[in-house]
Structures are given as structure tokens and as C-alpha cells.
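The structure appears below as C-alpha cells.
Computed from the coordinates by the stated procedures, all read-outs in this text should not be read as laboratory data. Here the structure is a predicted model, which is why all the values come from computation and not from measurement. Reconstructed Cβ throughout: ideal geometry from the backbone, glycine too, with neighbour counts over all protein chains shown.
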Amino acid sequence: MINLGTYLGISFALFICGILVMVARKNIIAILLGIELILNASALNFAAYTKFSNNNIDGHIMSLFIIVTAAAEAAVGLGIVIRFFQLRESIHIDDAASLQN
Amino acid sequence: MNSTVVTYLSQSKELTLATEWLTKALGFNASSLVAFIVFAVVCLIVVGVMSTIGGLGTYAERKISADLQMRVGPNRVGPYGILQFLADGVKMILKEDIIPSGADRFTFILAPFLCLIGVFATLAVVPFSSGFMLADLNVGIFYLLGMASLVGVGVFLGGYASNSKWSMLGGMRGASQIISYEIPATITIISIVLLAGGLSMGTLIGGQGGMPQQWYLFHNPFSFIGFFIFFIASLAETNRAPFDLPEAESELVSGYHTEYSGMRFGLFALAEYIEVFVVCGVATALFLGGYKVPFDLGTGSILVEKLGMDEMLAKNLGQILEIGSFFTKTLGLYYVVIWVRWTLPRLRVDQLMTLCWKYLTPIAIFNLLGCAVWMYAFDGKSIYSLLFESVASVAGHH
Amino acid sequence: MFTNTLFLLSAALTIGGAFAVVYSENLMHACIFLLASFFGVAGLYACIGADFLAATQLVVYAGGVVILMLFAIMLTGGTANNFNRFGLEKIAAMGNKKTYFMAGITAVVSSLVLLKIIANVLRNQSSAALEANLPTVERIGTVLATDHILAFEISSVLLLGALIGAAVISRPRTEKND
């Protein structure tokens, strides 16, 4: 039951869910949720290939860096969202349509 | 299935006989089934004992606070009022379970369970003794940190879902406090991991000995300071006084569990008292030698050699001594936690954040560097063995 | 046997959580389902012997990212202005039928591409016996401090930059009146 195919299938499902959330939602935080799902799918893929392909530890390192980057991205992204809310009183993605003010 | 307690128990003859008998009776290899049953029974025992300790914690808290304030405390139910927690539990179960009309029902119901799941999941790696440990994961302490952070989510959601201003403020304070104080606690744990050279509880305790001078507390000056940083940070992480801002009665009624009644409130309280026990157990394991007993009594080899005991019996006696050692140290720390609560006044919010970010975190980072330099400079020897060696070499010169 | 049960549970938790994130109309609930999905992924890591990754997943996501998201939701809620600055009605924040339709088309297109890529793997399932799971902590530590030392250092700089950047961006700016 535990083989590369099932793992790829699960990460495929995660990825599609992430895409759906990213496109369908108009709330910036909800879009960030979708991005987290997609990053998780990719990290899962790296770990799965490590186990079933060559048992080299490099895939785990790659997954670790993905997790680190996701954490940094979430921190900065949510900081921007909070700043945006202070300026515009809204977190609707369509309100973020101009580069200045 | 890789469980310490199952491995330990499978050494005994009775279990082997039972496995053989079951294999014959059922017609297939029953060793895995027996392992599962043993594991489930031990899990039930651990959860039951820990819930009792959590309940007794409320009794101990009231009795010790009564002592400190020169009152009598609970003394009606049972001898010395020791059955008070059972009476409280019955009262909580019989109380009406109220969900406020404006509450977010799904989250309101989920929050106490998240707290309880987080705490019970950490019990899997708490080292009661070298044999009686549910699982000696090789990422043990790291797993414990991750599971304990679930309590923060539970507290936050409890505050959010109640739809009350007091709960909301309490929940936000609780979550920000828990994630802030995780940083000094984790950095201190990393410095001890550096000394021991491994993340599993077995490795962390294996580097220490039974005598106080072999503990990591007295290994070097940095780990001595580290113990106090870890203790303060874990007080804040479990929302205990003087850091009980999330449930400050004078400002927030009772914080994130204001709107909870009956057994849902009971689950929050139970999770808090068990978490205090777990945190004290971790402090014991990291700094105070964990379950180690002096003179290698824990393995039972001395009993076999000197008294000619049966090997399994000597081992079991050793395990009981180890469990006694662990519980003595942990409950001692538990007493200190309660003592601190009824002695010190509560901090303000800005003082709380100043303490974490301006004092504890820099000192913890300095300690980490200091431990690394100590390991490099003195080859990982403790201050006691260095002194002992220098005294021995001076004595040798004369 | 135990691993298979754990795998099934984690897979159900992961996929169920992800679908609930898609269909939940409440942002707070979506965040909780996301937490469930992260726990499932940690279980999946544990099934293939990536113990350190599983623990990292728990520490970073359950303790960090999800609480951060919940905080951001709490700090940005409260206003309901349904019209943009041109006076036109905005699309609902959690999406409506039109956005779901567009999302469906995007998902179908990207899933066709992805299925084309992973079709080979799905067709040629090797049923070779798996090696036993070895502890990975020591190997990861060795490799991080030797082969991947540059990436390790760069990620530490990235984290420092993210820490300072997030603090600077979200700090409330005081208006100067003089």
C-alpha cells in the first residue's frame, strides 16, 4: 500500500486543493492558506522520492528548506496583510490593485 | 512496533509463555497481537495515572495554598480532604453544559479537546524509567515540543470561539505568551542536546548519572543558568503564575475559559495540571538526571551479584527504584511551581514581553554559545570531573 | 500492519483536511482544517521513516504558521465594505460560483498536466520490498553541516531577514503632525 504512486497521488490531491483555494478565494489570508497547501505537497514529494527512489538524504534536506522558506513566507506575507489592512481597512485581493498607496 | 515498554516486558518469561499459548490457540503468530495489547494496556495505565495526578494536582494546589496562607484548605471529603477532586469531578459532570448563543459551536467544542490531545500526546515520550517509557523516539524532545504547541492553538481557539471580549483577550494573550516563551525554552533544550549528543530521551538521560554532580544541572555554569531559564519559560508556557495573564481574575474574569462550564472547563483544567507535570518531568529529564539511580541500582546488576537475586526480579526492582527517583524529582518541581504561584505577584503584559525578548532569549543564546565553547574547550567534561582531575594531579605531584 | 493503519489514517486526514479547506465558508474553520491537514502530512512523513521531518512539520506548522494565521485573521477582521472604490459590488471574500468555476477550470488544466507527468510512475508500480526505516537525525545533521552548508547559512540569513522584515512592515506607523 505504501509506495511511490500513493504518495504522489496524495501530494497531487493536496496540490489541486491548493490551486482551488488560491484561485477561488478573494481573501488574502485564504490565498496564503492555499500557498501553504501547495508547499506541503511539494515537500511531501521530495520526501517520497527520497524513500522510494534512492534513499539518499538530500530529499529530506530539500523538504526541510521548503518548510523553512514556507515559515519565512508566512511571517512576511502576514505582516504585509496586516499593514495592508491598516492602510485600506480591507483584505480583499481586488483592493490591492495599485503599486502606490 | 518499536516501543520501549513492550521491549522491556517481552524479556519476562510469563509474556513469552502467553505468546506461545496464544499462537497455538489462534493458529497464527501472535507476537504482534500481544505487543499491541500490552502497549494498549500500558497506554491506558499511563493516561489513567496521569489523569489522577492532574486531579490530585488541584487538591495539592488548594492544600499548599492553604498552608502558605495559614488556612486549613479542603478537609471534608475523605481523609484530609484527599477525595475532594473526585467530588469536584462529579460536580463538573453533573453541571449543565452551556454553549453561548453567539459562540462558534464547532470551534467551541473542539478547543478543550485540542488542549487535551496536545498534552496526552506528549506523554508518549515522557521517560518514567528506562523500561517504562511508551516510546523512545529518536526525535523525542523535538516531538514533545511540537505536540505541546498544540495547547497554544487550543487556548487561542477557546478564546476566539466563546464570542466574549474577556475570552478573546485571554486567548490572544495566552497564544502570544506561549509562542514567545517557546523560543528561550527551545534554545535551552538545544544547549542540553549539544551536551548529550542526541534528541531521544534515552540519550539525554543516558549522559547523566545518579549522583548530583553527574547531572547536567552541574555540568557547567551555562547549563546551571539554563535550568532556571527553562523553568521560568515553562512556567510561562503552561500559563502558571506569575505568568497567568491569560486567566488574570482581576482583569479578565478567568480568561479564555470564562464561557466554559461543566466538563469542558474541567478538560481545560485537567490539561493545564497534566502539562505542568509533563513540563516538570522534562526539566527533570534534561537537568536533574531523570530516572537515574545512584550506584547502578537501576539495572539491578548489583542485586544479582551481591544478593544472588533472580535476574528479572532484580530488574523489576531497579525499574521501581527508577520510577521512584523520577517521580520524586518531578513532584518536587511540581511543589515549587505551586509554591511560586502563591508567592509571587502577577506581571504586567509589557513586563512579560520584556522579560522574554530582552532578558531570557539573549541569555539563552549566550548559554547555547557557552555550552558549545565548553564542549570544544574541555572535551565535554563536566566541571566536577575537571576539578577532580586537577586535585588528583596536584596530589600526584606531592 | 501498524504502519499501514497509520498511513491510511494520515492520508485520510491530509486529503480530508485539504478538501475541507476548499469547501469551508468560514476562514477560521478553514485554518483549523489546514492544521488537520498538516498533522496528516506529518503522519505521512513518519510512515516513510522521515522522523525528523515529521517533528519539524509539527513544530513549524502547528506551533508557528497556524497560530500566525489565526492571529492575522483576528487582527484583520471586522469591516464589511462590499463596494470597491469605483462603487461596484465586490466578489464575496470567500468566493462565489464564478470564482469556483474559474478555479475548477484551472484545477482541471493543471491536473491534466500533472497527470501526464506522473502517469509513468503510476503505471509502473514497483512492488519491491522496502528497506527498513533508519533514523535520519544524525545523517541530516552530517549532511547539513558538510554538503549543504551554504544553503544552511543562506536559510539562516533568510530567516533573519524575514524576522526583521515582518517586524518592520507590520509596525504601526505614527503620524507626524509637526
Spacing of the two label points (7 Å from each Cα toward its C-beta) at B:Phe28 and B:Val304, in nm: 3.6
Acute angle (nearest 10 degrees) that the helix C:149-170 long axis makes with the longest principal axis of chain C, alpha-carbon atoms: 20
Neighbouring partner chain Cβ atoms per residue of C:34-42, average, 10 Å criterion: 4
Förster radius 35 Å - calculated FRET efficiency between C:Ile118 and C:Ala167 (Cβ-Cβ, nearest 0.05): 0.30
Inter-label distance for A:Asn56 and B:Val336, nm, one decimal - labels placed 7 Å from Cα along Cα-to-Cβ: 4.9
Estimated FRET transfer efficiency (B:Glu251, B:Thr328; beta-carbon r; R0 45 Å; 0.05): 0.75
Two-site FRET efficiency, B:Val77 against C:Ala12, from Cβ-Cβ distance with R₀ of 60 Å, rounded to 0.05: 0.85
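Which entries in B:Lys63/B:Lys95; B:Lys292/B:Lys329; B:Lys24/B:Lys315; B:Lys358/B:Lys381; A:Lys51/C:Lys116 show an alpha-carbon gap greater than 20 Å?
Long pairs (Cα-Cα over 20 Å): B:Lys63/B:Lys95; B:Lys24/B:Lys315; B:Lys358/B:Lys381; A:Lys51/C:Lys116.
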Distance between region B:130-202 and region B:53-113 - C-alpha centres, whole angstrom: 24
Karplus (6.51, -1.76, 1.60) ³J(HN,Hα), θ = phi - 60°, over region B:58-70, in Hz, Gly and Pro reported as x: 5, 4, 4, 4, 5, 5, 5, 5, 5, 4, 5, 9, 6
Total formal charge among the other residues, if their Cβ is under 13 angstrom from that of B:Tyr143, Lys/Arg +1 and Asp/Glu -1: -2
Computed label-point distance, nm, for sites A:Ser98 and C:Glu89 using a 7 Å Cα→Cβ extension: 2.6
10 Å Cβ neighbours from other chains, averaged over peptide B:170-183: 2
Nearest-ten-degree value, helix A:4-24 long axis tilted from longest Cα axis of chain A: 10
